[in-house]
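Everything on this sheet refers to the single structure shown next.
Values quoted throughout were computed directly from the atomic coordinates according to the rules given, and no laboratory measurement underlies them. Everything numeric in this text was worked out from a predicted model, so none of it was measured. Because the Cβ atoms are built from the backbone with ideal geometry, glycine has one as well, and the counts that use them run over all protein chains shown.
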Amino acid sequence: MTNRTHIGICAAISMVVIGLAAPRASAQVTFEQVETATTAAFTNLDITKPSGTVEDELLIAIIQSEKNSAINSPAGWTVIADALDGNKNQARTKVFYKVAGPSEPTLYTFTSSDNKKGLGAILRYSGNDPTDPIDVSGSVTGSSINPTAPDV
């Protein structure tokens, strides 16, 4: 049986729910640290590696651009969700993950052609299954300030 920890991420008018898998039923996935960054002109968004990151820990990046434009991750990151809000601004939120390797850079650079406001965060979790850390995920978008979480 998989021990699952759920996290909810609400950014703008998008909501992402992710089930994080632990390697065994008795293990507990634990939130450890977060690093954030903002930019007024999103071509490059640099986010510092969360302090204390060690091999096999889970890193989740939530990146948002003010307008509907492509958001690209550094090498080694996998997309969990890509959501566009239902409002006229069309803010895009993308969620990525990676399992930390033995040697991680001190800075992760996400890119966009937006050149508008951008923001992001990298969350660090321990106790995750390093071979299959994401058990389940789902996302919803809309124009309500009270989004309903997706079923996962």
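Annotations for the structure displayed:
- Compared with the alpha-carbon gap, the fully stretched path from residue 33 to residue 48 is longer by 4.3 nm at 0.36 nm per residue.
- Inter-label distance, nm, simple model (7 Å from Cα along the C-beta direction), residue 40/residue 72: 2.5
- For the range 27-125, a simple Cβ point-charge model (Lys and Arg +1, Asp and Glu -1, everything else neutral) yields a dipole of about 440 debye relative to the Cα centre.
- Normalised size of the range 33-79, defined as Cα radius of gyration per 2.2 N^0.38 Å with N residues, equals 1.26.
- 73, 112, 51 arranged by Cβ crowding within 10 Å, fewest neighbours leading: 51, 73, 112
- Given charges at Cβ of Lys, Arg, Asp, Glu: the range 32-80 dipole, positive-most of 80, 64, 54: 64
- Ascending count of other beta-carbon atoms within 10 Å, so fewest first, for 107, 84, 45, 119: 107, 84, 119, 45
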